[in-house]
1. Take the Cβ-Cβ distance between T200 and K73 as r, set R0 to 22 Å, and report the resulting FRET efficiency rounded to the nearest 0.05.
2. Given labels modelled 7 Å from the Cα in the Cβ direction, how far is it in nm from F114 to S169?
3. Round to the nearest 10 and give me the degree value, 0 to 90, for the angle of helix 88-99's Cα axis relative to the longest principal axis of the chain.
4. What number comes out for the charge environment of V179, summing +1 per Lys or Arg and -1 per Asp or Glu over other residues with Cβ under 15 Å away?
5. So how compact is the stretch 68-139: Cα radius of gyration and Dmax in angstrom?
6. Carbon and sulfur together cover what percent of the accessible area of the stretch 1-86 at a 1.4 Å probe radius?
7. Per residue, how many Å² of accessible area does the stretch 84-230 show with a 1.4 Å probe?
8. Work out which chymotrypsin sites (Phe, Trp or Tyr not before Pro) in the chain are exposed loop sites (DSSP not H, G, I, E or B, at most 12 other Cβ within 10 Å) and give the longest gap free of them.
Amino acid sequence: MQPHAFWQDIHPAGSFDPSGPHEARFPATLDNGRQMLLPIRTLADGRHGIASLIVNQASFAVLRALAEDLAAKLEAYRPEVIVGLPTLGLTLAAAVAEALGHTRYVPLGTSRKFWYEDELSVPLTSITTPNQQKRLYVDPRMLPLIQGRRVVLIDDVMSSGASMAAGLSLLAAVGVEPVAVGAAMLQTDRWRKAIAAAGTQWPERVVGVFSTPLLVRSGDGGWVAAPPSL
């Protein structure tokens with residue numbers, strides 16, 4: 001499978017065996033049984049790997065399917081405003097807001113506009129850009145849209161949980177506590193520690209379209225789900 005061919009199709013239920021071992025692609029399974037093939041990225045230790053999703057490289061059909069699934073799961077929280085985390089979370093957040101029937105969403109950003117206020121920002125790190133020091137900002141003009149409203153904070157993938165924790169910290173600084181947080185993919189369970197550190201209520205408010213395990217190389221060199229202790 002060519003690298004550019006990932007994230008373009010959602011396959012019927014039962015198309016692939018999720019138990020493995022897997023060679024270079026992992027079949028993520030949605031709640032309705034349909035599956036999507038994700039490329040496997042090898043981690044720095046060479047022994048473990050993770051399934052990857054780059055949502056702004058997905059086909060429109062895949063993005064729409066993920067957004068509609070997430071929107072349906074979020075309806076129980078009665079969201080009034082969707083807030084998106086940069087960078088890739090913005091693509092999903094906009095689609096989720098539209099699927100919910102909203103006319104707009106609120107994007108957070110990492111590019112400081114001249115009218116932004118340093119007090120309305122927090123440090124931001126990401127598993128995909130670990131060596132880049134960024135800050136996460138909320139546009140002060142957007143505050144009337146989110147303060148006193150039922151907010152849901154959206155990212156594309158929750159992996160280490162650092163980006164989502166930063167978003168929660170920034171919203172807390174402006175007096176906003178989201179009713180839920182959402183992502184297309186919950187990548188392993190590593191995000192739980194960072195989210196719980198942001199507040200014990202948050203792990204129970206996480207909503208995802210699908211989850212993927214931490215992977216480990218098997219004896220024959222393929223990838224299988226790592227035991228929980230790993």
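The values are calculated or read from the model by the stated rules, or taken from the named source; none is laboratory data. All of these numbers come straight from a predicted model, not from anything done at the bench. All Cβ positions, even for glycine, are placed from backbone atoms using ideal geometry, and neighbour counts span all protein chains on display. Only protein heavy atoms, including side chains, enter the accessible area calculation; ligands, DNA and RNA are left aside. Shrake-Rupley method; radii C 1.70, N 1.55, O 1.52, S 1.80 Å.
1. 0.50
2. 2.9 nm
3. Approximately 80 degrees, to the nearest 10.
4. Details: positive: K73, R78, R149, R150, R205; negative: E75, E80, E177, E204.
Here the count lands on +1.
5. Rg and Dmax of the stretch 68-139, Cα atoms, are 13.9, 38 Å.
6. Details: 2180 of 4340 Å².
Carbon and sulfur: 50 percent of the exposed surface of the stretch 1-86.
7. Working: 6770 Å² over 147 residues.
Normalised by residue count, the accessible surface of the stretch 84-230 is 46 Å².
8. On the way: sites that count: F114, W115.
In short, 116-230.
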